[in-house]
Amino acid sequence: MTTDINSLAHAAACDDLALTLSESGTGRPVLVLHGGGGPATVAGIAAHLSRTAHTLAPVHPGWDGTPRPDWLTGVDDLALTYLHLLHDRGLRGALVIGSSLGGWIAAEMAVRDTAGVISGLVLIDAVGVRIPGEPITDFFGLDARGVAEHSWHDPDRYYVDPADIPADQRAIRQADMATMRVLAGEPYMHDAKLLRRLRRVDTPALLLWGESDRVVTPAYGAAYATAFGNGHFEVIPGAGHLPQIEQPEATLALIDAHAHRTAGSIAT
């Protein structure tokens, strides 16, 4: 079930939680989940896919000044919230795309998808599992320069001096990080049980990784992909933790191909 929606942003009720949600386009449902950097980091993906699909791009509660209810304290809560959103709207055959933290949410959705709502997954430089010998960088312990060095293939291009960020935007970023600490700070950026559970996920999963990612390395990504029952791994040259920003054409081409491959598994 899809409706003709033209870039409409609104609050979507999900149990007792009002989600801030942007929707656009018609066709196959595609859920696009942002990481710690906020919705702007996946806006290009959502805009691109809205040309051929019904895209839903929520703001995770607690990001961008949105409220987070007291009961929402983990990534599993977000995973169930978004599964319920798709299920309650009668959306089937969904492609779920997640960047970084959003990829972790997508993986947690997949292991809980007993109703077969999801027919394809794309995880982009995702966190969420523990890989021996490939620790996740302590993002909270980095200064702004360290964040740039770990996140970007070309850190000089993307580094922003915190002193140059307006005070209101700095406050929003600080609030975003505070929310991420609540949801993913302990244990740090992973679910100890998730890696083992992924072997039962047969949904076709594409894991995309920037070759220069130092937050979670390509070796981490390759092991993550192997854990899925039907996982495929691709490295994107000239990109770090956010290849959709540094190498959008290559990233979108791979997403488009996976969307095409998995469209045939949509239940009618």
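The values are calculated or read from the model by the stated rules, or taken from the named source; none is laboratory data. Just so we're clear, the structure is a prediction, and the values are computed from it rather than from any experiment. Backbone-built Cβ (ideal geometry, glycine too); neighbour counts: all protein chains shown. To get the accessible areas, we keep the full protein, side chains included, count just its heavy atoms, and leave off ligands, DNA and RNA. Shrake-Rupley method; radii C 1.70, N 1.55, O 1.52, S 1.80 Å.
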Output ³J(HN,Hα) for region 110-121: one whole-Hz value per residue in order, computed from phi by the Karplus curve 6.51 cos²θ - 1.76 cosθ + 1.60 with θ = phi - 60°, and x for Gly and Pro. 4, 6, 9, 7, 6, 8, x, 6, 9, 10, x, 10
If amide H atoms are modeled at 1.01 Å from N in the peptide plane, then the residues at a separation of 5 or more from L19, or on another chain, having amide H under 5 Å from its own are A12, A13, C14
Excluding ligands, DNA and RNA, what is the solvent-accessible area per residue of the chain at a probe of 1.4 Å, expressed in Å²? 44 Å²
Please report, in debye to the nearest 20, how large the charge dipole of region 91-189 is about its Cα centre when each Lys and Arg carries +1 at its beta carbon and each Asp and Glu carries -1 there. 420 debye
On the formula 1/(1 + (r/R0)^6), with r taken between the Cβ atoms of H232 and A40 and R0 of 41 Å, the FRET efficiency rounded to 0.05 is 0.90
Theoretical gain in end-to-end length, R51 to A18 [0.36 nm per residue, Cα-Cα removed]: 9.2 nm
In whole Å, what is the distance between the alpha-carbon centres of region 208-268 and region 100-133? 12 Å
For region 244-254, Karplus couplings with θ = phi - 60° (6.51, -1.76, 1.60), whole Hz, Gly/Pro x: 5, 9, 7, 9, x, 5, 5, 5, 5, 5, 5
Any idea of R145's accessible area? Nearest 10 Å², probe 1.4 Å. 80 Å²
Amide H to amide H, which residues 5 or more places from A126 or on other chains are under 5 Å from it, using H placed in the peptide plane? S100
Integer Hz, Karplus 6.51/-1.76/1.60 couplings in order for region 171-185, x for Gly and Pro: 5, 5, 4, 5, 5, 4, 5, 5, 5, 5, 4, 5, 7, 9, x
Run the quick spin-label model on Q174 and E249: label points 7 Å from Cα toward the beta carbon, then report their separation in nm to one decimal. 4.1 nm
So which residue, out of Y158, Y220, Y188, gets the largest mean-square fluctuation from a GNM of the chain using Cα contacts under 10 Å as springs? Y158
222 nm mean residue ellipticity, helices alone, for the chain (DSSP H n ≥ 4; -39,500 (n - 2.57); rounded to 500): -10500 deg cm²/dmol
Net dipole in debye of the chain [+1 Lys, Arg Cβ; -1 Asp, Glu Cβ; about Cα centre; nearest 20]: 780 debye
Percent of accessible area on the chain owned by carbon and sulfur, 1.4 Å probe? 52 percent
Please build a GNM for the chain, connecting alpha carbons under 10 Å apart, and tell me which residue among P204, P162, P61 fluctuates the most. P162
Rounded to the nearest 0.05, what FRET efficiency is calculated for H87 and A257 with R0 set to 35 Å and r the Cβ-Cβ distance? 0.80
Mind giving me the FRET efficiency for L142 and R199? R0 is 30 Å, r the Cβ-Cβ distance, nearest 0.05 is fine. 0.40
Positive-end extreme of charge dipole, region 21-262 - chosen from G240, V59, G120 (charges on Cβ): G120
Expected output is a single nm value to one decimal: the length gained when fully extending between E134 and D156, i.e. 0.36 nm times separation in residues minus the C-alpha distance. What is it? 5.4 nm
DSSP beta bridges in region 21-262, what fraction antiparallel, as a percent rounded to 5? 15 percent
If a/c stays under 1.5 just call it rounded; otherwise compare a/b with b/c (prolate if a/b is bigger, oblate if not). Do that for the chain, with a ≥ b ≥ c from the square roots of the Cα gyration tensor eigenvalues. rounded
